Amino acid sequence: MQDYTSRFYYKGEVIFHEGVGGDIAFLIKTGRVGISRDIGDETIPLAEFGPGEIFGEMAILTTGART
């Protein structure tokens, strides 16, 4: 198992964009993370994650772009 890196993100900061390749997943220690998709001029909320939850794992499981 690889080591992990702790990182702080500010409220509203983008962690990654859809379609970008990825080789890491994210485990939330504190706070909340919202996942959304931009469609035209509108931002559609898709999911919300909190402490103890993992997101972004599909890119490493499928070795593809983030969805």
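Annotations for the structure displayed:
- Potential lengthening of the chain between ILE28 and LYS11 amounts to 4.8 nm, from the contour at 0.36 nm per residue minus the alpha-carbon distance.
- Using θ = phi - 60° and Karplus 6.51 cos²θ - 1.76 cosθ + 1.60, couplings along the stretch 8-18 (whole Hz; Gly, Pro as x): 9, 10, 7, 4, x, 6, 7, 8, 7, 10, 4
- Distance between modelled label sites at THR43 and MET58, nm, 7 Å Cα→Cβ extension: 2.0 nm
- Prolate/oblate/rounded call for the chain, Cα gyration tensor, a/c under 1.5 rounded: oblate
- Computed from phi, the 3J(HN,Hα) profile of the stretch 27-32 under the Karplus parametrisation 6.51, -1.76, 1.60 (θ = phi - 60°) reads 10, 7, 8, 9, x, 9 Hz, with x in place of Gly and Pro.
Values in this text are rule-based calculations from the coordinates and carry no lab data. Note that the coordinates shown come from a computational prediction; the quantities given were computed from them, not determined experimentally. Quick reminder, even Gly has a Cβ in these numbers, built from the backbone with ideal geometry, and neighbours come from all protein chains shown.
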